[in-house]
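Enquirer: Handing you a structure now.
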Amino acid sequence: MATTSITGNEKPQTEEDGIPESEFPYITFSVEETLYAINSKHTDCVEIIESFTKMPKTPDYVLGIAAFRDTYVPLFNVRTIFGVPDESYGDNVIILRKNNTLCGLVVDKIISNDLLDSFEDAFDNNKFVQKIGGEKDSDTPIMILNYRKFFEVII
């Protein structure tokens, strides 16, 4: 995978570092026409996927694994997770980090790396969406993802 760091993190952050999420920008991306975001505090980098290996007997939202630095990272197809037809998927991968565990979210397109505001609690029927946010001077909702839920799947 080709690495493009857009998180601004000089070192991986941890949950215990005491720095609030509000101090970090959100990586905003699209899946079909819907906007999603994840706080960059919990990301390692953004990659362009070149190839991956399919894994047998995995849920349909697991694309497979990809080599990343000195390890392999499971790749989750965000289109499938959110029920969007997945005839094709993007080649952008957001690498999430929780302590020493990594996973990749395959998304259609990276939109921005900005601070967001005006958060509201999300509905309870989607375990991956934690809040709904937005950018200043915009009426377009952005679904804020709960990064912990992706790790619950692999741990």
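The values are calculated or read from the model by the stated rules, or taken from the named source; none is laboratory data. Nothing here was measured: the structure is a model prediction, and the numbers come from that model. For neighbour counting, all protein chains shown are included, and Cβ atoms are generated from backbone atoms with ideal geometry for every residue, glycine included.
Enquirer: Show the residue pairs that are 6+ apart or on different chains and have beta-carbon atoms under 8 Å apart, the first residue being within segment 91-103 and touching a residue at least 40 places away in the same chain (Cβ under 8 Å), the second being hydroxyl-bearing (Ser, Thr, Tyr) and surrounded by 20 or more Cβ atoms within 10 Å (Cβ to Cβ).
Expert: Note: pairs meeting the criteria are Ile94/Thr43; Ile95/Thr43; Leu96/Thr43; Leu96/Tyr147; Arg97/Thr43; Lys98/Tyr147.
Enquirer: Same structure, new question: Pick out the one residue from Lys136, Lys127 that is more than 12 Å from Tyr36 (Cα to Cα), modelled with pLDDT under 80, of a type outside the set (Ser, Thr, Tyr) and within 15 Å of the chain's Cα centre (by Cα).
Expert: Criteria check complete, one pass: Lys127.
Enquirer: Say we look at segment 35-65 and pick out the residues that are acidic (Asp, Glu) and over 23 Å from Asn99 (Cα atoms); which of these is surrounded by the most Cβ atoms within 10 Å (Cβ to Cβ)? Outline the logic, then answer.
Expert: Filtering segment 35-65 for residues acidic (Asp, Glu) gives 44, 47, 50, 60.
Then drop every residue that is not over 23 Å from Asn99 (Cα atoms), which leaves 50, 60.
Details: Glu50: 11, Asp60: 9.
Taking the candidates together, the pick is Glu50.
Enquirer: Applying the selection to segment 63-75, what residues are of a type in the set (Val, Ile, Thr) and without any contact (Cβ under 8 Å) to a residue 24 or more places away in the chain?
Expert: Once the filter is applied, which keeps residues that are of a type in the set (Val, Ile, Thr) and without any contact (Cβ under 8 Å) to a residue 24 or more places away in the chain, segment 63-75 yields only Ile65.
Enquirer: To continue, here is another question. Residue under question is Pro74, and the condition is that it be farther than 17 Å from Gln130 by Cβ and in a loop (DSSP other than H, G, I, E, B); does it hold?
Expert: Considered against the rule, which asks whether it is farther than 17 Å from Gln130 by Cβ and in a loop (DSSP other than H, G, I, E, B), Pro74 comes out as no.
Enquirer: Given the residues Thr7, Thr3, Thr28, which is the only one that is within 21 Å of Asn113 (Cβ to Cβ), assigned to a strand (DSSP E or B) and at pLDDT below 90?
Expert: Being within 21 Å of Asn113 (Cβ to Cβ), assigned to a strand (DSSP E or B) and at pLDDT below 90 holds for just one of Thr7, Thr3, Thr28, which is Thr3.
Enquirer: Hey, another quick one. Yes or no: segment 67-78 includes at least one residue that is more than 14 Å from Thr28 (Cα to Cα), in contact with a strand residue (DSSP E or B) (Cβ under 8 Å, 6 or more places away or on another chain) and of a type in the set (D, E, K, R).
Expert: Looking through segment 67-78, none of the residues is more than 14 Å from Thr28 (Cα to Cα), in contact with a strand residue (DSSP E or B) (Cβ under 8 Å, 6 or more places away or on another chain) and of a type in the set (D, E, K, R).
Enquirer: Can you tell me which of (1) under 27 Å from Gly133 (Cα atoms); (2) surrounded by 15 or more Cβ atoms within 10 Å (Cβ to Cβ) is the one Glu32 doesn't meet?
Expert: (2)
Enquirer: Another one. I'd like the residue in segment 99-124 that is modelled with pLDDT under 80 and of a type in the set (Gly, Ala, Ser) and, out of all such residues, is surrounded by the fewest Cβ atoms within 10 Å (Cβ to Cβ).
Expert: My answer is Ser118.
Enquirer: Kindly indicate whether Phe82 is under 20 Å from Ile111 (Cα atoms) and among the hydrophobic types (A, V, I, L, M, F, W, C).
Expert: Yes: the conditions hold for Phe82.
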